[in-house]
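The values are calculated or read from the model by the stated rules, or taken from the named source; none is laboratory data. Quick caveat, the model's predicted, so the values are computed rather than measured. For neighbour counting, all protein chains shown are included, and Cβ atoms are generated from backbone atoms with ideal geometry for every residue, glycine included.
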Amino acid sequence: MDESVGELVSQLTTDLGQLTRQELALAKAELQAEAKKAGKGAGMLGGAAFAGWMVALFISLTVMWALDEAMDLIWAALIVAAVWALVGAVLAMTGRKELREVDPKPDQTVESLKEDAKWLKTRNS
């Protein structure tokens, strides 16, 4: 054996420190990517909600006035409200689906940690 126990422990400590830093960097990169994806989905939902609100407001008034020619204004308003309820439901389901696709678990890091554990076991043997 060319190296002393102290040198081996020192080398192992250095290797573990470097390995830990690399794993943390990988986890950070993965989590940032997932957070960006979640932010994008949430931003789209917010934008869709605002745009939908503005469009709903003006189109609703127009459609209600148009329907008022054929029926009472109350029925016209109920029909318009039902249509916008359907639009809102579709937007909500689409946004929810987008957010469900976000995976907060850093899969690459987990796999890498498993490989590291195997490597440490073989090195200590």
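Can we say Leu78 is without any contact (Cβ under 8 Å) to a residue 24 or more places away in the chain, surrounded by 15 or more Cβ atoms within 10 Å (Cβ to Cβ), more than 30 Å from Ala25 (Cα to Cα) and not basic (Lys, Arg)? Full working, then the answer.
On the way: without any contact (Cβ under 8 Å) to a residue 24 or more places away in the chain: yes; surrounded by 15 or more Cβ atoms within 10 Å (Cβ to Cβ): no; more than 30 Å from Ala25 (Cα to Cα): yes; not basic (Lys, Arg): yes.
Spelling it out, it is not the case that Leu78 is without any contact (Cβ under 8 Å) to a residue 24 or more places away in the chain, surrounded by 15 or more Cβ atoms within 10 Å (Cβ to Cβ), more than 30 Å from Ala25 (Cα to Cα) and not basic (Lys, Arg).
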Regarding Lys118, is this residue free of Cβ contacts under 8 Å to residues at least 24 places away in the same chain, among the basic types (Lys, Arg), surrounded by 11 or more Cβ atoms within 10 Å (Cβ to Cβ) and out of contact with any Asp or Glu (no Cβ under 9 Å at 6 or more places or on another chain)?
-> no
Go through segment 42-77 residue by residue and tally those that are at pLDDT 90 or above, within 19 Å of Ala89 (Cα to Cα) and of a type in the set (Ser, Thr, Tyr).
-> 0
Those residues that are part of a helix (DSSP H, G or I) and surrounded by fewer than 12 Cβ atoms within 10 Å (Cβ to Cβ), I need them from segment 54-75; list them, please.
-> Met54, Leu57, Phe58, Thr62, Trp65, Ala66, Leu73, Ile74
Search result, residues across segment 21-37 that are surrounded by 12 or more Cβ atoms within 10 Å (Cβ to Cβ) and either more than 15 Å from Pro104 (Cα to Cα) or not hydrophobic (A, V, I, L, M, F, W, C) (or both) = Gln22, Glu23, Lys28, Glu30, Glu34, Lys37
